[in-house]
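Trainee: Handing you this structure, nothing more for now.
The values are calculated or read from the model by the stated rules, or taken from the named source; none is laboratory data. Not measured: the values here are computed from a predicted model. No Cβ is skipped: glycine too gets one built from the backbone with ideal geometry, and neighbour counts run over all protein chains shown. Protein only, heavy atoms only, side chains kept; ligands, DNA and RNA dropped before computing areas. Shrake-Rupley method; radii C 1.70, N 1.55, O 1.52, S 1.80 Å.
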2 protein chains.
Amino acid sequence: MRESNNRLSVLRSLIKIDGIDAYIIPSTDPHLGENIPDYWRIVLWMTGFTGSSATVVVTETFAGLWTDSRYFIQAEHQLTGTGIVLVKPAFPDKTDFIDWLGNNIKPGGRIACDGRTLSIGNMRKITKALDGKNVMFDTECDLISVLWTDRPPMPLSVALDHSVEFCGKDRSLKIMEVREQMKKQSVDYHLLTSLDDIMWLLNIRGNDAKYSPLLTSFAIVNEQQVLLFVDESKISLKLATDFDKLDIVMLPYEEIDGMLSVIPNDSTILLTPETTSASLYKSILHGTKIIEDISIPTRLKAIKNKTEIENIGRVMVKDGVALTRFFFWLENNSGSVAMTEISLADKLNSLRSEQENYLGPSFSTIAAYNEHGALPHYSATPGTDSVIEAAGILLIDSGGQYLDGTTDITRTIAIGKPSAQQKKDFTLVLKGMINLAMAKFPAGTKGCHLDLLARKALWEQGLNYGHGTGHGVGFCLNVHEGPQYIGPGTGTGSKTILEPGMLVSDEPAIYREGEYGIRIENLILCYEDEETEFGQFLKFDALSLCHIDKSLIDISLLDRKEIVWLNAYHSEVFEKISPYLNDPERLWLQEKTGEI
Amino acid sequence: MRESNNRLSVLRSLIKIDGIDAYIIPSTDPHLGENIPDYWRIVLWMTGFTGSSATVVVTETFAGLWTDSRYFIQAEHQLTGTGIVLVKPAFPDKTDFIDWLGNNIKPGGRIACDGRTLSIGNMRKITKALDGKNVMFDTECDLISVLWTDRPPMPLSVALDHSVEFCGKDRSLKIMEVREQMKKQSVDYHLLTSLDDIMWLLNIRGNDAKYSPLLTSFAIVNEQQVLLFVDESKISLKLATDFDKLDIVMLPYEEIDGMLSVIPNDSTILLTPETTSASLYKSILHGTKIIEDISIPTRLKAIKNKTEIENIGRVMVKDGVALTRFFFWLENNSGSVAMTEISLADKLNSLRSEQENYLGPSFSTIAAYNEHGALPHYSATPGTDSVIEAAGILLIDSGGQYLDGTTDITRTIAIGKPSAQQKKDFTLVLKGMINLAMAKFPAGTKGCHLDLLARKALWEQGLNYGHGTGHGVGFCLNVHEGPQYIGPGTGTGSKTILEPGMLVSDEPAIYREGEYGIRIENLILCYEDEETEFGQFLKFDALSLCHIDKSLIDISLLDRKEIVWLNAYHSEVFEKISPYLNDPERLWLQEKTGEI
């Protein structure tokens, strides 16, 4: 019997004692972000499942795990023998653990959860699903802390003072801007729960989670002060002195609930329901006016400032140099040096780490060979790690965290001679990538409106891809950053107006199940183009700098404008990257970026 | 002093007696549709303003009219000397009469309105704007009936039994389908207030309003019966007998409120807040579960059935013949016969009326010469009626109601030799029209996603148009019919998934203020194309049949695919229209539809 099963038995005995019919374990932490510290990886500890997104429900006789379809194969493997079943909904995205609760909890029952890890949104959905059944929902029930005796400590990285030379704006100015917006919205208190919001506002970075330079903390901004809830030992004396001058008051991390509960209930508080936990929400006094909206720092940091944009430009050169060396090395050693998906990811990371101000990968590198490329979120494990052979399609999606910016780029290359279908697929994806990059559009345009540009060439051939086209990217922060989004949906992201200064990815793709995947991704920056009698027009500038594999292009499928764009892009890549290369690398890049 | 001012004085004395601080007069009727009978044109009677959309607010010392920007010039002219001021918001669409009420009604005040003409949505907005001010809002206050002594009678057209040969589905089947959907949504009663919903469901048509073949009525569908609230004299004995067999029970029109008030409050009622009046809403017993959504007939009738589609095809031929004869006559008589915008509209209507099953225009024809074309909703009046000269740009947007379908088509033609800019503008608009018509897209795509296809060529040149690209069209019903819509918004319409069988307009445009307007509009029908491993794909078929003025095309701006599309379209126009033309007309059309 695997260890996780033992943990399940003990949990079951606890819920029996407490008279709980179902105990819910979300895979999130109190900040409800994408990357969480080991301390909060309860689902992993309980089930052995390593995916980043899941929910577990445990009853006396049942234990189920819900996750999204990209993890189905992995979850089935990892849950084998644990007594926990993977619950696959009959219709994707139609049924989840909330429906299960609605269907299976008997009237008058009792369910429980540690509300620190449950978003307000999910709390409401659960309550609604159980409406009229007189079910008690206890959101203050932490059964794990008692059970998990060898739990990793709370993360203890130290705050780094993120220089204005990198981020371009003093923290005092940012605080002022946030307060201005609060005044406009008649807000007295602004609760910040997203770690990247707090990092941006205070110009600090940390190392509490993998892939994102975050420091575990909460913050409340009011007219006079910024209350920063953080372990004191994480803040240096120098930083603490600076904070003090700006009325940034440090309080213990755990005191956030207590502070929320003493905010006078004749005041107005702004919070984001997607990133605020049920526990925090319940701390707020009844009668307090709560405005639920995207946070002000989220809106402000989405518009990169001039210094950030200049820094991102330099980071793109560094990242491009590492990528060029990587692909040069790969082409010259393929067949002679043994390569696997994992060894390639390591190699690329090692080349990036030669660059200045590099902190680490911005997400788990996807090096996906042949059929693995057809899994959009594939991440090689020792069990799946493919050996790179003499022929095939290799998809590399990777990114770096630098003090002066965050990157995210995908290139797909042919090893050996590609087939006609591979070339056609690649060229259709390339057309989509180029057409979005070339877009000119009026101010006020939203992401859902532009998404078609990346898909049109594929749709015309009866092809498509099942994910969005573009996500926002942070500045030395989360590689996925809202609110902007380019995709077919009509949710908050796709409804967000694209504004000058927004950085977004451009990543159409095609996935042939069991064969290969092709994705081409650049980061593009929105900027102001001409103003006419019909209004202000905007365009994109492609910032990522890495050649695109010409051996996969079927030139007959490209139109004139697309060819001109590609040649100009390649010329820019060569011009900016070549000064940092040695002679063999430079010659190689010259050929790779030559005109088609 | 104009007569309308007298009416204002008498109204003022009435509101003084009743202690009302502000009396609100919407320009709608109890069905909240686009075309209303004269009986309900209270705004016109009170103010002299002839526009289709406005709200009037009258206080002891102030009388204001709010309308949208397309009517500003007309409203200012028509309101001169009436004592009623046109209120133009500082920011378009940002301020309206509701904000005015919020800012001007004093705490403890009293406002009033005839709630039969106020939508639930506006009632809620007004209540919200006055929140916390302790203002009494009386929605049962009809002051007009007393004042308007020579009011036109309630419309009294007789119901026409719309044959299954036209509409393709028996009313008994439609009622069954609505009940099936009601069951799925757990609805006991479905309130229908939109006249086109009722016409569609019962296969009847009327003549109570201009431009739409509607019969004033309400309906409630439950499991056993359809309660039809209609003046008995409008229904023939034959129809009444048929209704009786299907348990369609006729009740006096005025009894709708009374019937709503006796629906048991343990039942569920489905209604549409946009088309249901405050009065009806208030008739429903407290505690009744109300589901607010698009009505079931609205969803069902948006998908045209096989017979309807075949009939629309035939109607397009008839409409195309009338249009061809019109443009032939225009070209051959321009310069010799005196022509004005109004005389052209009359000529076109007279040519349409030669066609079988023609009922009348589907909206007020827009014949707009030169600078008038730059006003998207221009409708010539004797005061504005332009004489057509030897050179210029003429925009004709018109449509017909036929028993076998509804049309809506715009063509823009050059009279004399067009300028290079006019040709460029026309060709860019044409590219947009063609590219939307050529679209191939996966099932699940929404209108906001496709809108870009019609704009891309314009955007690339810094041009744009300020309205949506496509609206749904009824079948011998309203020329504007939801829920589908192709536009940049993310409202209900643009969020509606496009489905096979939906008929929608495709009408990009460009408006050069003070110069001319260019719009090209076809109706296109969504149908199923191939199914691939990536899902079901859909396409459009252009149904409207009328040549596009080649003298306005700059061929160098068209790409190969666009030229192929246009030549194929023109060839289809000639093939389908020419059999109905005389020799000179046929030869003329052959030249007009010849290859480019």
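Trainee: Using the Kirkwood radius over C-alpha pairs as Rh, can you work out the diffusion coefficient of chain B via Stokes-Einstein at 4 °C, viscosity 1.567 mPa s, in µm² per second?
Mentor: Approximately 50 µm²/s, per Stokes-Einstein.
Trainee: Mind checking the mean number of beta-carbon atoms from other chains within 10 Å of the Cβ atoms in B:485-492?
Mentor: Mean partner shielding for this stretch: 3.
Trainee: Over the range B:59-155, with a single point scatterer placed on each C-alpha, what log10 of the ratio I(q)/I(0) does the Debye formula yield at q = 0.11, 0.17, 0.18, 0.21 1/Å?
Mentor: Relative scattering, expressed as log10 I(q)/I(0), comes to -0.41, -0.98, -1.08, -1.30.
Trainee: Given the convex hull of the Cα atoms of the protein assembly as shown, what is a quarter of its surface area in nm²?
Mentor: Hull-based average projected area comes out at 50.3 nm².
Trainee: Within the range B:1-81, which GluC sites (Glu not before Pro) sit in a loop by DSSP and count at most 14 neighbouring Cβ atoms inside 10 Å?
Mentor: Taking the range B:1-81 and a limit of 14 other Cβ atoms within 10 Å, the loop GluC sites (Glu not before Pro) found are B:E60.
Trainee: Among the GluC sites (Glu not before Pro) within the range A:213-258, which fall in a DSSP loop and have no more than 14 other Cβ atoms within 10 Å of their own Cβ?
Mentor: Qualifying residues, ordered by number: A:E223.
Trainee: Mind checking how much accessible area B and A bury in total, 1.4 Å probe, in Å² rounded to 100?
Mentor: Using a 1.4 Å probe, the pair buries roughly 2700 Å².
Trainee: Shifting gears a bit: Two decimals, Cα atoms only, Kirkwood Rh: what is Rg/Rh over the range B:460-550?
Mentor: 1.02
Trainee: How about A:K88: which lysines have a C-alpha closer than 25 Å to its C-alpha, ignoring those fewer than 8 places off in the same chain?
Mentor: A:K106, A:K125, A:K128, B:K184
Trainee: While we're looking at this one, here's another question. How high is the relative contact order of the range A:20-138, given as a whole-number percent (alpha carbon pairs under 8 Å, six or more residues apart)?
Mentor: 29
Trainee: Here is a follow-up. Read phi for every residue in the range B:548-557 and hand back ³J(HN,Hα) as whole Hz from Karplus 6.51 cos²θ - 1.76 cosθ + 1.60, θ = phi - 60°, with x for Gly and Pro.
Mentor: 10, 5, 5, 5, 9, 8, 9, 4, 5, 8
Trainee: Using helices alone, I'd like the mean residue ellipticity at 222 nm for the protein assembly as shown: each DSSP H run of four-plus residues gives -39500 (n - 2.57), total over residue count, nearest 500.
Mentor: -10500 deg cm²/dmol
Trainee: Over 21 Å between Cα atoms, which of A:K183/A:K446; A:K174/A:K304; A:K318/A:K440; B:K495/B:K539; A:K456/B:K592; A:K301/A:K347 qualify?
Mentor: Long pairs (Cα-Cα over 21 Å): A:K183/A:K446; A:K318/A:K440; A:K456/B:K592; A:K301/A:K347.
Trainee: Computing the accessible area with a 1.4 Å probe over protein heavy atoms, can you report the carbon and sulfur percentage for the range A:73-226?
Mentor: Taking all protein chains in place, the range A:73-226 shows 53 percent carbon and sulfur surface.
Trainee: Quick one: with label points 7 Å out along Cα→Cβ, list the inter-copy distances for A:S236 in nm, shortest first?
Mentor: Between copies, matching label points for A:S236 lie 9.3 nm apart.
Trainee: Follow-up question, since we're still on this one. Sequence-distant or interchain residues sharing an amide H contact under 5 Å with A:V85, placed H: which?
Mentor: Distant-sequence amide H within range of A:V85: A:A63, A:G64, A:L65.
Trainee: Based on the Cα gyration tensor of the range B:321-362, what are the three equivalent ellipsoid semi-axes, each the root of five times an eigenvalue, rounded to whole Å and given largest first?
Mentor: 20, 12, 6
Trainee: Moving on to the next point. Seen from all sides and averaged, what is the projected area of the convex hull of the Cα atoms in the range B:325-459, in nm²?
Mentor: 10.2
Trainee: So who's got an amide H within less than 5 Å of the one on A:I486, skipping anything under 5 residues away but keeping other chains? H placed 1.01 Å off N, in plane.
Mentor: Result for A:I486 returns A:T469, A:G470, A:H471.
Trainee: Output, in nm with one decimal and in ascending order, the distances from the B:P264 label point to the matching label points of the other copies (7 Å from Cα along Cα-to-Cβ).
Mentor: 5.2
Trainee: Would you mind pulling out the separation of the Cα centroids of the range B:297-340 and the range A:1-44, in Å?
Mentor: 67
Trainee: Per residue, how much accessible surface does chain A expose to a 1.4 Å probe? Answer in Å², no decimals.
Mentor: 41
Trainee: Once you wrap a convex hull around the alpha carbon atoms of the range B:137-183, what is its projected area averaged over all directions, in nm²?
Mentor: If you wrap the Cα atoms of the range B:137-183 in a convex hull and average its projections, you get 7.2 nm².
Trainee: Roughly how much of B:Y189 is accessible, in Å² to the nearest 10, using a 1.4 Å probe?
Mentor: Ignoring ligands and nucleic acids, B:Y189 comes out at about 50 Å².
Trainee: Expressed as a fraction of 2.2 N^0.38 Å, the rule-of-thumb size for a compact globular protein of N residues, what is the C-alpha radius of gyration of the range B:266-354?
Mentor: Relative to the 2.2 N^0.38 Å estimate, the range B:266-354 comes out at 1.93.
Trainee: Further, regarding this structure: Along the positive direction of the dipole of the range A:183-307 (beta-carbon charges: Lys, Arg +1; Asp, Glu -1; about the Cα centre), which of A:I248, A:T298, A:M259 reaches farthest?
Mentor: A:T298
Trainee: To continue, here is another question. I'd like the per residue volume of the convex hull spanned by the Cα atoms of the range A:501-596, given in cubic angstrom.
Mentor: Here the figure is 157 Å³ per residue.
Trainee: Could I ask something else about it? Let me confirm one metric for peptide A:310-321, namely the mean number of other chain beta-carbon atoms within 10 Å of its residues' beta-carbons.
Mentor: Counting other chains' Cβ atoms within 10 Å and averaging over A:310-321 gives 0.
Trainee: Over the Cα atoms of the range A:1-126, Rg to Rh with Kirkwood Rh, two decimal places?
Mentor: Reported Rg/Rh, Kirkwood definition of Rh: 0.93.
Trainee: With N residues in the range A:18-89, what two-decimal value do you get for its Cα radius of gyration over 2.2 N^0.38 Å?
Mentor: That ratio works out to 1.08.
Trainee: Dipole size in debye (nearest 20) for chain A around its Cα centre, Lys and Arg Cβ +1, Asp and Glu Cβ -1?
Mentor: Computed about the Cα centre, the dipole is about 900 debye.
Trainee: The range B:369-426 to the range B:499-531: how many Å between their Cα centroids?
Mentor: 16
Trainee: Each residue of the range A:34-43 in order: what ³J(HN,Hα) in whole Hz does its phi give by Karplus 6.51 cos²θ - 1.76 cosθ + 1.60, θ = phi - 60°, with x for Gly and Pro?
Mentor: 7, 9, 10, x, 4, 3, 9, 7, 5, 4
Trainee: Which cross-chain or sequence-distant (5 or more) residues have an amide H under 5 Å from the amide H of A:D554, H modelled 1.01 Å from N in plane?
Mentor: Under 5 Å from the amide H of A:D554: A:T427.
Trainee: In the neighborhood of B:A454, defined by Cβ-to-Cβ distances under 14 Å, what is the net charge if each Lys or Arg adds +1 and each Asp or Glu adds -1?
Mentor: -1
Trainee: Any idea of B:W66's accessible area? Nearest 10 Å², probe 1.4 Å.
Mentor: For B:W66, solvent-accessible area is about 20 Å².
Trainee: Just give the residues from the range A:431-458 buried by at least 20 square angstrom of accessible area in the all-chains context relative to the isolated chain, probe 1.4 Å, and say none if nothing qualifies.
Mentor: The answer is A:K440, A:P442, A:K446, A:C448, A:H449, A:L452, A:L453, A:K456.
Trainee: Give the nm distances, rounded to one decimal, from A:P252 to the matching residue in every other copy, measuring between label points 7 Å along Cα toward the beta carbon; shortest first.
Mentor: The answer, with the shortest distance listed first, is 7.6 nm.
Trainee: Which one of B:V58, B:G373, B:N35 is farthest out on the positive end of the charge dipole of chain B, using unit charges on Cβ (Lys, Arg +1; Asp, Glu -1) and the Cα centre as origin?
Mentor: The listed residue farthest towards the positive side: B:V58.
Trainee: In Å, what is the Rg of the alpha-carbon atoms in the range B:399-510, and how long is Dmax?
Mentor: 15.0, 45
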